[in-house]
Structures are given as structure tokens and as C-alpha cells.
Amino acid sequence: MPGAKLFVLHDVTKSFGNLVAIEGVVFEVDRGEIVGLVGDNGAGKSTLVKVMNGFYSPDRGVMRFDGRPVRFNSPRDARSVGIETVYQDLALIPALSIWRNFFLGRELKKGRAPFMHLAKAEMRNITMVNLREMGLTRLRSPDEPVDILSGGERQALAIARARHFGGSLLVLDEPTSALSVKETEKVSEAVRIARDGGLGVVIIDHNIGHVHRICDRIVIMESGRVLNTVRRDEVTAQRVADMVAGRHAL
Ligand SMILES: Nc1ncnc2c1ncn2[C@@H]1O[C@H](COP(=O)(O)OP(=O)(O)OP(=O)(O)O)[C@@H](O)[C@H]1O
Ligand SMILES: [Mg+2]
């Protein structure tokens with residue numbers, strides 16, 4: 001459906017036994033938009049993104065991706081429509097080379113069976129081009145092991161990979177929580193480049209200042225519900241911090 005919002009969730013609820021983790025959540029993210037999810041511990045942020053990426057099926061509610069109703073029974077279902085998740089402990093293999101990691105499970109092959117072989121030169125090349133586009137310009141060779149990359153560079157690699165393989169929505173749950181300020185900046189840059197390339201991005205981050213710097217919209221959650229949604233240019237970071245802390249009336 002042309003013109004439809006990229007991903008829309010309506011009245012989504014998910015419980016674990018008696019515990020209602022998220023309730024009646026309405027949420028949307030569009031192409032070319034970064035939406036930040038903030039809220040206190042246990043507010044339901046991770047549960048919400050796990051509903052978005054197919055890790056959980058909601059108990060109630062509807063989701064539309066690209067205008068079509070979707071129902072995910074697994075992360076694979078979500079990935080097949082273009083929802084890519086970057087976890088903090090991302091699925092990279094440190095001992096393998098950078099290009100191997102970039103193509104992990106999606107290797108390019110040449111020739112015909114039974115004489116197929118890996119298109120290594122091409123994969124090396126594509127990896128370098130994609131990482132340069134993400135701002136990793138100091139990388140010497142795609143043959144180096146992922147081990148040599150910093151935390152921020154690894155996150156950027158995962159984002160570049162998601163973008164290259166046709167992802168249209170990137171979901172990041174605290175991608176920078178273990179990173180230094182400088183490394184966090186690398187991840188932010190990769191997220192901006194992905195957004196400017198037309199992807200939608202949903203990002204959870206405890207650092208309100210960081211969220212306020214990079215997000216176009218901020219969704220504040222409290223006790224499993226959406227408390228408020230604000231555009232970044234209409235609030236200060238302090239105001240967002242106040243709402244997260246429960247000082248709503250200020
Ligand atoms: N698999 C689960 N089984 C039972 N309860 C769960 C499960 N996952 C989350 N919860 C509960 O649901 C509520 C929301 O948790 P969630 O992880 O979504 O919060 P969060 O906003 O991501 O918190 P944090 O900022 O600490 O990561 C919490 O009360 C949590 O204990
Ligand atoms: Mg969480």
C-alpha cells in the first residue's frame with residue numbers, strides 16, 4: 001500500500017502469566033524516522049520490541065507492516081518482511097573475518113552445482129563498501145577478524161549488514177549500553193545513515209540525552225503503557241527525563 005506507514009501497532013497487549021508486561025500499546029514508526037523508546041526499568045520496552053521482531057506473539061492487538069496486516073510466529077517471520085534486530089550481544093563470531101561475519105548465512109556463491117564456490121572477492125568488496133558508508137573509514141582489510149573491531153564498530157557492522165540485506169526496519173535494544181561515549185557516537189552515526197537511507201529505526205536507550213540527540217520522536221512508556229509521544233523538536237531532554245521519572249505535571 002503506497003503511502004502507508006512502515007509499521008503500525010494498535011492496542012497491543014502481552015502478558016506473562018498474571019503480569020501484564022504491555023497493555024493497549026499504540027505505536028508507529030515510518031520510513032526515514034528514528035523513534036526512541038524510553039521508560040523506567042520494567043516499563044515494557046523490551047517486551048514491545050520483542051513483539052515487533054517476532055520474538056513474542058501479542059495476546060491482543062493488530063500490527064500492520066507496509067499497510068498489510070502481519071502476524072509473526074518467530075523472529076524469522078519478522079525478518080522475512082524486513083525487520084532486522086541488532087542485539088547488544090549481537091550474533092557476530094569474533095574469530096571469523098569481518099566479511100565472513102557480514103555475509104554469515106547469506107554467502108554469495110558462483111558457478112553451478114556441483115562446482116559452486118564462494119564469491120569471496122565480491123563479498124570482501126561489498127563488505128568494505130558498506131562499512132565505509134557507515135563511517136568505518138579506517139578499516140584496513142575485510143580479512144581481519146571481528147576481534148579487532150571496537151564495540152561501536154561491531155554495532156555499526158551489524159547495522160550495515162541489516163541495511164544491506166534488505167531490512168526496512170531496524171530494531172535496537174540498548175545497542176550502546178556497554179560502550180564509551182566515543183563508541184556510542186559511532187553507533188549513532190550508523191543509525192543516522194540507516195535512517196537517511198530510508199529505513200525506519202526503533203531504538204531503546206536508557207540515556208535520555210542520547211535519545212534526545214538522535215531520535216525524531218520519543219515514546220515514553222510507564223508500567224506497560226504508552227504515557228506520551230513527543231517530537232524531539234518540541235521538548236527538551238530535561239522534560240523527557242522528568243516524564244520518565246514520573247514528574248508529569250512539571
Ligand atoms: N519472559 C518474561 N517472563 C515473565 N515476565 C517478564 C518476561 N519478560 C519481561 N517480563 C516482565 O515484564 C515487565 C516488562 O519487562 P521489559 O523487559 O519489557 O521492561 P523494560 O522496559 O525493557 O525494562 P529495562 O529497562 O529494565 O530493560 C517486567 O515486569 C518484567 O519483569
Ligand atoms: Mg529492556
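The values are calculated or read from the model by the stated rules, or taken from the named source; none is laboratory data. Quantities reported herein were computed from a predicted structural model and do not represent experimental measurements. Don't worry about glycine lacking a Cβ; one is built from the backbone with ideal geometry, like all the others, and counts go over all protein chains shown.
In the range 185-211, which residues are away from ligand 2 (no atom under 16 Å from the Cβ) and either of a type in the set (Asp, Glu) or out of contact with any strand residue (DSSP E or B) (no Cβ under 7 Å at 6 or more places or on another chain) (or both)?
Taking the range 185-211 and keeping what is away from ligand 2 (no atom under 16 Å from the Cβ), we get 185-201, 209.
The answer is Glu185, Lys186, Val187, Ser188, Glu189, Ala190, Arg192, Ile193, Asp196, Gly197, Gly198, Gly209.
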Quiz prompt | Unique residue being part of a strand (DSSP E or B) and within 16 Å of ligand 2 (Cβ to nearest atom) when the list is Val51, Val35 | solution = Val35
Exercise. Those residues that are among the acidic types (Asp, Glu) and either away from ligand 1 (no atom under 16 Å from the Cβ) or crowded, with 22+ Cβ neighbours inside 10 Å (or both), I need them from the range 156-187; list them, please.
Key: Glu183, Glu185
Quiz item: So which residues in the range 61-80 are in contact (Cβ under 8 Å) with a residue 24 or more places away in the chain and away from ligand 1 (no atom under 16 Å from the Cβ), if there are any at all?
Solution: Val62, Met63, Arg64, Phe65, Asp66, Gly67, Arg68, Ala78, Arg79
Quiz item: Tell me, which residue of the range 145-156 that is in contact (Cβ under 8 Å) with a residue 40 or more places away in the chain and closer than 23 Å to Leu37 by Cα is farthest from ligand 2 (Cβ to nearest atom)?
Solution: Arg154
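State yes or no: is Arg192 surrounded by fewer than 17 Cβ atoms within 10 Å (Cβ to Cβ), more than 16 Å from ligand 1 (Cβ to nearest atom) and charged (D, E, K, R)? Before you say what the answer is, go through the steps one by one.
Details: surrounded by fewer than 17 Cβ atoms within 10 Å (Cβ to Cβ): yes; more than 16 Å from ligand 1 (Cβ to nearest atom): yes; charged (D, E, K, R): yes.
Against the criterion (surrounded by fewer than 17 Cβ atoms within 10 Å (Cβ to Cβ), more than 16 Å from ligand 1 (Cβ to nearest atom) and charged (D, E, K, R)), Arg192 qualifies.
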Quiz prompt | Matching residues, the range 216-236, being over 18 Å from the mean Cα position of the chain (by Cα) and among the basic types (Lys, Arg) | solution = Arg225, Arg231, Arg232
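Quick check on Ser15: is it of a type in the set (S, T, N, Q), modelled with pLDDT of 95 or more and within 16 Å of ligand 1 (Cβ to nearest atom)?
Numbers: of a type in the set (S, T, N, Q): yes; modelled with pLDDT of 95 or more: yes; within 16 Å of ligand 1 (Cβ to nearest atom): yes.
It is true that Ser15 is of a type in the set (S, T, N, Q), modelled with pLDDT of 95 or more and within 16 Å of ligand 1 (Cβ to nearest atom).
Can you find even one residue in the range 36-47 that is within 20 Å of the chain's Cα centre (by Cα) and under 17 Å from Ser168 (Cα atoms)? If you could, list the steps in order and put the result at the bottom.
First, the residues of the range 36-47 that are within 20 Å of the chain's Cα centre (by Cα): 36-47.
Among the residues that remain, those that are also under 17 Å from Ser168 (Cα atoms) are: 36.
Checked the range 36-47: at least one residue is within 20 Å of the chain's Cα centre (by Cα) and under 17 Å from Ser168 (Cα atoms).
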Exercise. Scan the range 12-31 for residues that are surrounded by fewer than 21 Cβ atoms within 10 Å (Cβ to Cβ), within 19 Å of Ala78 (Cα to Cα) and out of contact with any Leu (no Cβ under 6 Å at 6 or more places or on another chain) and report the count.
Key: 3
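Test Arg106 against the stated conditions and say whether it is more than 16 Å from ligand 2 (Cβ to nearest atom), more than 23 Å from Asn207 (Cα to Cα) and part of a loop (DSSP other than H, G, I, E, B). Spell out how you get there, then give the answer.
Details: more than 16 Å from ligand 2 (Cβ to nearest atom): yes; more than 23 Å from Asn207 (Cα to Cα): yes; part of a loop (DSSP other than H, G, I, E, B): yes.
When the stated conditions are applied, Arg106 passes them.
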Exercise. Tell me which residues, restricted to the range 230-240, are in contact (Cβ under 8 Å) with a residue 12 or more places away in the chain, surrounded by 14 or more Cβ atoms within 10 Å (Cβ to Cβ) and in contact with a strand residue (DSSP E or B) (Cβ under 9 Å, 6 or more places away or on another chain).
Key: Val230, Arg232, Val235, Val240
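Each row is one residue, and each column tells you yes or no for (1) acidic (Asp, Glu); (2) assigned to a strand (DSSP E or B); (3) without any contact (Cβ under 8 Å) to a residue 40 or more places away in the chain.
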residue	(1), (2), (3)
Asp143	yes, no, no
Ala158	no, no, no
Val171	no, yes, no
Arg195	no, no, no
Val201	no, yes, no
